[in-house]
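Here's the structure we're looking at; comments come further down.
The values are calculated or read from the model by the stated rules, or taken from the named source; none is laboratory data. Values in this document were obtained by computation on a predicted structure and should not be read as measured data. Cβ placement follows ideal geometry from the backbone for every residue including glycine, while neighbour counts extend to all protein chains displayed.
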Amino acid sequence: METFILILDIIGAIAFAYSGVIVAIKHKMDLLGVILLGCITACGGGVFRDILLFKNPSLFTIYPNWELISAFITTIVLFIFFYLKKNMSFFDKNWFKTLNTILDAIGLGVFVIMGANVAIDNNCNWFEVIFLATLTATGGGILRDLLALRIPVIFSRHIYAIAAILEAIIYYLLIINGANIIAATIVCVLLVVSIRVVAFKFKIDLPKVELNLKDSK
């Protein structure tokens with residue numbers, strides 16, 4: 001089971017580091033900015049979670065920290081690839097946007113599970129499990145977007161935080177009713193990926209207030 005959790009952690013870190021790198025490159029950040037945004041996206045949510053649990057963040061206490069190592073290697077490899085590629089015209093292609101959505105959804109789904117497991121191991125109640133699972137999955141993305149000076153994705157696009165909350169609820173219910181962790185994880189991650197892809201494809205968002213900002217006389 002420890003191996004399964006480690007593999008999950010690495011998959012989530014790679015997926016989220018990828019999303020951080022894409023945002024950094026789109027905002028024309030240099031190598032340092034790309035590394036920081038990639039690693040913060042991958043590790044930021046877990047740091048928030050551990051602080052709220054009054055624990056030393058695992059980012060600084062576990063060696064080797066495969067989550068951070070995976071994120072760092074991912075950012076370097078992607079930076080070199082995009083640096084040599086030069087032509088970024090594919091950034092606006094539908095297939096590339098779909099790929100970004102799928103990878104980000106995988107990271108989201110995986111880190112909800114990671115956060116939920118940590119909360120359950122710390123004897124948290126149902127609300128705390130759901131909250132900490134969602135925070136683990138979205139905290140890094142919020143930091144990424146704030147550092148890139150843009151409105152966090154979870155507040156603006158394609159059923160993001162709601163998908164994480166729904167996954168956390170379903171996973172918690174499955175686990176407390178004796179479901180196999182691996183089976184529950186696979187079901188929940190596939191659910192989140194499906195929700196995110198459908199929301200992206202059909203541009204499904206939560207309701208927003210549409211203001212007419214034209215000057216009135």
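The one condition from (1) modelled with pLDDT under 95; (2) crowded, with 22+ Cβ neighbours inside 10 Å; (3) among the aliphatic types (A, V, I, L, M) that residue 119 does not meet is (1).
One residue is enough: does region 52-64 have a residue meeting the conditions part of a helix (DSSP H, G or I), out of contact with any strand residue (DSSP E or B) (no Cβ under 6 Å at 6 or more places or on another chain) and of a type in the set (Lys, Arg)? Checking region 52-64: not a single residue is part of a helix (DSSP H, G or I), out of contact with any strand residue (DSSP E or B) (no Cβ under 6 Å at 6 or more places or on another chain) and of a type in the set (Lys, Arg).
When you check residue 94 against the structure, is it closer than 21 Å to residue 135 by Cα, among the polar types (S, T, N, Q) and over 14 Å from the mean Cα position of the chain (by Cα), yes or no? Give the steps one after another, and end with the answer.
Working: closer than 21 Å to residue 135 by Cα: no; among the polar types (S, T, N, Q): yes; over 14 Å from the mean Cα position of the chain (by Cα): yes.
When the stated conditions are applied, residue 94 does not pass them.
Just one of 68, 31, 52 is crowded, with 18+ Cβ neighbours inside 10 Å and either farther than 25 Å from residue 185 by Cβ or touching a helix residue (DSSP H, G or I) at 6+ places or on another chain (Cβ under 8 Å) (or both); which is it? Result of the check over 68, 31, 52: 68.
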